[in-house]
Amino acid sequence: MRSSIAIGVLLFLLLVLFGVGGCSYNKLVDKEEKVRSQWAQVENAYQRRADLIPNLVNTVKGAANFEKETLTAVMNARASATQTKLSADNLTEENLKAFQQAQAGVSSALSRLLVSVEAYPDLKANQNFRDLMNELAGSENRISVERKRFNDLVQDYNRQVRSFPANMMAGIFGFEQKAYFEAKEGTELPPEVKF
């Protein structure tokens, strides 16, 4: 009689453990898939910006005496950024920093381009140029929104990976924490304004 009770209790405990473990595993899979999906949206937003750059450069090329160096820098930064690929399966801090650095190169080159454009009033008045600049501004906003959504989902996933009992399932099945997008160094400091 005692052995059948012990076996019954043991089976019950195994059933509970299996149920809890299965639920934890399924939640981890669900959250990881959401992170992957959102990473695809981040890449999509960056790709949209990259796709606008050749049109912008071609429009600017039409301006007489425009600085060729600036246009070359923009195209080189774009080429570098589009070659920096990052899989959703490999979102480590180091890999994400390399991806951000490549994208920052594009932002920096575009900023230099926009400063150079100030010397060309005819170009600034060009409707095609203005439309492209609006599209580019929209892309930058989309990138910001998608990065925030990504960070929110990564936070939710990482919390699950670190929480008990899911952390045991995460360890067994190889679920690892994902990295966040971080602000560029120095953005916490107020800008220095000089007149």
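Residues of segment 80-113 that are among the hydrophobic types (A, V, I, L, M, F, W, C) and exposed (fewer than 15 other Cβ atoms within 10 Å of the Cβ): Ala98, Ala104. Out of everything in segment 52-79 that is hydrophobic (A, V, I, L, M, F, W, C) and not in a helix (DSSP H, G or I), what residue ends up being surrounded by the fewest Cβ atoms within 10 Å (Cβ to Cβ)? Top of the filtered list is Ala64. Inclusion of Arg49 among residues that are out of contact with any Phe, Trp or Tyr (no Cβ under 8 Å at 6 or more places or on another chain), in a helix (DSSP H, G or I), at pLDDT 90 or above and over 23 Å from Asp131 (Cα atoms) is not warranted.
Across segment 106-127, the number of residues qualifying as under 15 Å from Val57 (Cβ atoms) and either not polar (S, T, N, Q) or not in a helix (DSSP H, G or I) (or both) comes to 10.
Okay, residues lined up against (1) under 16 Å from the mean Cα position of the chain (by Cα); (2) in a helix (DSSP H, G or I); (3) modelled with pLDDT under 85:
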residue: Phe129; (1), (2), (3): no, yes, no
residue: Asn141; (1), (2), (3): yes, yes, no
residue: Gln155; (1), (2), (3): yes, yes, no
residue: Val161; (1), (2), (3): no, yes, no
residue: Phe164; (1), (2), (3): no, no, no
residue: Asn167; (1), (2), (3): no, yes, no
residue: Phe181; (1), (2), (3): yes, no, no
residue: Lys184; (1), (2), (3): yes, no, yes
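Screening segment 114-127 for residues that are within 32 Å of the chain's Cα centre (by Cα) and farther than 25 Å from Ala81 by Cα and picking the one that is surrounded by the fewest Cβ atoms within 10 Å (Cβ to Cβ) gives Gln127.
The values are calculated or read from the model by the stated rules, or taken from the named source; none is laboratory data. Predicted model, so just to flag it, every value in this text is computed and none were measured. Methodologically, a virtual Cβ is constructed for each residue, glycine included, from the backbone with ideal geometry; neighbour enumeration extends over all protein chains shown.
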